[in-house]
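Here it is, the structure, as structure tokens.
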Ligand code: SF4
Ligand code: F3S
Ligand code: FES
């Protein structure tokens, strides 16, 4: 069986003064993913390795990591596709709790700022709130978001200014701003017009490249900027 060298950036704040690289020689099958390699290390070599994952099938968004310098989901990347030496690091821009596990609270705090839920004060209709396919198409892209944080933590503006709300929050605001059933669009646009909002984006495109769901993140951010500039939706 072939083997790959998996280089893991490890850090235990209870005993390490700074992060360090640990190398592991891991055997792999043709369809093993980076997550399988991390499981191999944790279950067979060193049970103290901390890694977060849940579904293992690209749904929950909990195992976004910096893999060979690019943000990706460990459960969606095959070992054989990215070489025989693979570096794995925690996401940038979020505090490390231990090894590959970061504190997602700052990310979710920014997400919550845009009120990512349906706002509609009309009386609840007896049946559904109708919507045409064309109206749905306007926000469909953002509904695919799994809140993995790969976009926001690949954005250099997010790393350098702790203030920027980040592309994931903007995508999730977009999902409701352009939903014909929602009435909170102007409120969200006002939040995103603030100095921590959408105009912090410098169209670097790292976010679009990082998104495991193929969401056109930069395009969605630009649509929000345009809506703010024209004074609404
Ligand atoms: Fe993850 Fe894509 Fe959602 Fe960003 S937009 S949080 S990269 S799924
Ligand atoms: Fe950052 Fe994406 Fe804009 S990487 S600068 S949010 S295009
Ligand atoms: Fe759920 Fe990878 S473990 S997305």
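The numbers here are math on the coordinates, done by the rules we state, and not lab data. The model shown is predicted, which means the values in this text are computed figures rather than measured ones. Reconstructed Cβ throughout: ideal geometry from the backbone, glycine too, with neighbour counts over all protein chains shown.
Go through the residues of segment 171-179 one by one and say whether even a single one is buried (at least 21 other Cβ atoms within 10 Å of the Cβ), more than 16 Å from the chain's Cα centre (by Cα), under 30 Å from residue 53 (Cα atoms) and in contact (Cβ under 8 Å) with a residue 24 or more places away in the chain.
First pass over segment 171-179, keeping only residues buried (at least 21 other Cβ atoms within 10 Å of the Cβ): 171-179.
Filter once more, keeping what is more than 16 Å from the chain's Cα centre (by Cα): 176-179.
This time we only want the ones that are under 30 Å from residue 53 (Cα atoms), so: 176.
Then drop every residue that is not in contact (Cβ under 8 Å) with a residue 24 or more places away in the chain, which leaves 176.
Yes, the conditions are met somewhere in segment 171-179.
Here's something else I'd like to know. Tell me, please, whether a residue that is more than 14 Å from the chain's Cα centre (by Cα), touching a residue at least 60 places away in the same chain (Cβ under 8 Å) and assigned to a loop (DSSP other than H, G, I, E, B) can be found in segment 188-210.
Within segment 188-210, none of the residues are more than 14 Å from the chain's Cα centre (by Cα), touching a residue at least 60 places away in the same chain (Cβ under 8 Å) and assigned to a loop (DSSP other than H, G, I, E, B).
While we're looking at this one, here's another question. Quick check on my filter: what residues within segment 144-159 are surrounded by fewer than 24 Cβ atoms within 10 Å (Cβ to Cβ) and more than 11 Å from residue 92 (Cβ to Cβ)?
144, 145, 146, 147, 157, listed by residue number.
Okay, moving on. Residues in segment 211-233 that are more than 16 Å from ligand 1 (Cβ to nearest atom) and either within 20 Å of residue 162 (Cα to Cα) or in a helix (DSSP H, G or I) (or both): how many? Step through it out loud before you land on a result.
Keep residues of segment 211-233 that are more than 16 Å from ligand 1 (Cβ to nearest atom), which gives 225-233.
Add one more test, that the residue is either within 20 Å of residue 162 (Cα to Cα) or in a helix (DSSP H, G or I) (or both), and what stays is 225-229.
Looking only at that region, the number is 5.
State yes or no: is residue 60 within 17 Å of residue 150 (Cβ to Cβ), away from ligand 2 (no atom under 16 Å from the Cβ) and touching a residue at least 60 places away in the same chain (Cβ under 8 Å)? Show your work before the answer.
Details: within 17 Å of residue 150 (Cβ to Cβ): yes; away from ligand 2 (no atom under 16 Å from the Cβ): yes; touching a residue at least 60 places away in the same chain (Cβ under 8 Å): yes.
Considered against the rule, which asks whether it is within 17 Å of residue 150 (Cβ to Cβ), away from ligand 2 (no atom under 16 Å from the Cβ) and touching a residue at least 60 places away in the same chain (Cβ under 8 Å), residue 60 comes out as yes.
Additional query: Looking at (1) surrounded by 24 or more Cβ atoms within 10 Å (Cβ to Cβ); (2) under 19 Å from residue 216 (Cα atoms), which one does residue 188 not meet, given that it meets all the others?
Result: residue 188 passes all but (2).
Look through segment 64-84, keep the residues that are within 13 Å of ligand 3 (Cβ to nearest atom) and free of Cβ contacts under 8 Å to residues at least 40 places away in the same chain, and return whichever of them is nearest to residue 211 (Cα to Cα). Give the derivation first.
Taking segment 64-84 first, the residues within 13 Å of ligand 3 (Cβ to nearest atom) are 64-65, 67, 71-77.
So of that shortlist, the ones also free of Cβ contacts under 8 Å to residues at least 40 places away in the same chain come out as 65, 67.
Details: 65: 12, 67: 14 Å.
By that ranking, first place goes to 65.
Report the residue count in segment 204-233 for those that are farther than 18 Å from residue 150 by Cβ and within 15 Å of ligand 2 (Cβ to nearest atom).
First, the residues of segment 204-233 that are farther than 18 Å from residue 150 by Cβ: 222-233.
After this cut, where a residue has to be within 15 Å of ligand 2 (Cβ to nearest atom) as well, the list is 222-226, 228.
Final tally of qualifying residues: 6.
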